[in-house]
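Novice: Structure incoming, see below.
Each reported figure results from applying straightforward, stated rules to the coordinates on display, with no laboratory input. All figures in this text were calculated on a predicted structure; none of them were measured in a lab. When we count neighbours, we look across all protein chains shown, and the Cβ atoms used for this are built from the backbone with ideal geometry, even at glycine.
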Amino acid sequence: MEEDDISAIIREVLQARISYIGWSVPDQSKSGYANVKPGEPDLEIKKGNTTLAVIEAVICDQSVGRETMQKTLAKHFKKALGYAGCKLFFHLTYARILDIESIFTYLEGSLKEPPTDFTYEGHERIPFTDNRPRGFIARYRRGAEEVKVTFLVLDILQAAQKAAAKEGREDKAAKS
């Protein structure tokens with residue numbers, strides 16, 4: 001599954017949850033800027049023509065120690081903030097590596113270096129209390145406004161769950 005495919009699934013789930021209050025999650029459309037030309041945020045939450053939130057996604061399928069992966073994660077973070085003048089952004093990392101903690105470590109360092117005109121004001125981890133994605137919320141200042149970016153890491157590799165299922169099948173086969 002590629003990034004757009006995963007984002008399409010998330011779009012459908014979001015749309016089902018927010019449509020009853022008159023909000024929408026339109027398919028990828030041109031918005032804001034990316035490399036000084038109109039960009040395409042992965043997802044936007046809108047009420048009418050007003051953008052309430054921007055969601056930018058990226059797949060992490062290489063070690064975060066690799067410079068190319070670091071640049072990709074940082075680029076998507078900074079790109080997200082250029083898509084709209086709203087106050088709420090989401091940076092989704094679809095993790096296809098075992099060391100998810102390394103993603104958090106890298107993102108917590110890079111989020112302190114936002115684009116020009118944004119000032120980092122702090123962040124806090126979202127308590128990991130159930131099966132929700134792990135992440136943290138960072139606060140920034142853009143002029144007189146506070147802007148929040150929620151960083152979420154989704155474990156799409158699910159190695160632990162797959163290993164447990166495999167062991168369960170092997171145990172069942174051994175008993176047969």
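Novice: Greater than 32 Å separation of Cα atoms is the criterion. Which listed pairs, K46/K71; K47/K75; K79/K166; K87/K166, meet it?
Specialist: Beyond 32 Å: K79/K166; K87/K166.
Novice: Could I ask something else about it? Sort V149, V58 so that the residue with the fewest other Cβ atoms within 10 Å of its own Cβ comes first and the one with the most comes last.
Specialist: In order of increasing Cβ crowding within 10 Å: V58, V149.
Novice: Sequence neighbours fewer than 8 away in the same chain don't count; with that in mind, list the lysines whose C-alpha is under 17 Å from K172.
Specialist: K162
Novice: In whole Å, what is the distance between the alpha-carbon centres of the range 96-156 and the range 37-95?
Specialist: Using only Cα atoms to place each centre, the spacing works out to 11 Å.
Novice: Which order do V54, V25, V13 fall in if you start with the one that has the fewest other Cβ atoms within 10 Å?
Specialist: Ordered from fewest to most neighbouring Cβ atoms within 10 Å, V54, V25, V13 come out as V13, V25, V54.
Novice: Give me the percent of DSSP beta bridges within the range 1-112 that run antiparallel, rounded to the nearest 5.
Specialist: Values: 8 of 15 bridges.
Beta bridges within the range 1-112, antiparallel portion: roughly 55 percent.
Novice: Run the dipole for the range 3-175 about the Cα centre, Lys and Arg Cβ at +1, Asp and Glu Cβ at -1, nothing else charged, and hand back the magnitude in debye, nearest 20.
Specialist: 200
Novice: Evaluate the charge dipole of the range 77-130 about its Cα centre and quote only its size in Debye, nearest 20, assuming +1 on the Cβ of each Lys and Arg and -1 on the Cβ of each Asp and Glu. Don't jump to the answer; show the numbers that get you there.
Specialist: Values: 6 positive and 8 negative charges, 53 e Å.
Approximately 260 debye in magnitude.
Novice: Follow-up. Which of H123, H91 comes first, and how do the rest follow, when ranked by fewest Cβ neighbours within 10 Å?
Specialist: H123, H91
Novice: Which length gain, in nm to one decimal place, applies between E121 and E170 when the Cα-Cα distance is subtracted from 0.36 nm times their residue separation?
Specialist: Additional length available on full extension: 12.6 nm.
Novice: At a Cα cut-off below 13 Å, give the aspartates and glutamates reachable from K175, other chains included and same-chain residues fewer than 8 away excluded.
Specialist: Reachable aspartates and glutamates: E167.
Novice: Another one. Using alpha carbons only, how many degrees (0 to 90, rounded to 10) separate the axis of helix 67-80 from the longest principal axis of the chain?
Specialist: The answer is roughly 50 degrees.
Novice: Separate question: Would you list which aspartates and glutamates come within 19 Å of K148, measuring only between C-alpha atoms, while excluding same-chain residues fewer than 8 positions from it?
Specialist: Reachable aspartates and glutamates: D42, E44, E56, E108, E113, D117, E121, E124.
Novice: While we're looking at this one, here's another question. Evaluate the relative contact order of the chain (contact order divided by residue number), counting alpha-carbon pairs under 8 angstrom at least 6 apart; express in whole percent. The partial results should precede the final answer.
Specialist: On the way: 291 pairs, mean separation 28.7, N = 176.
Computed over the chain, the figure is 16 percent.
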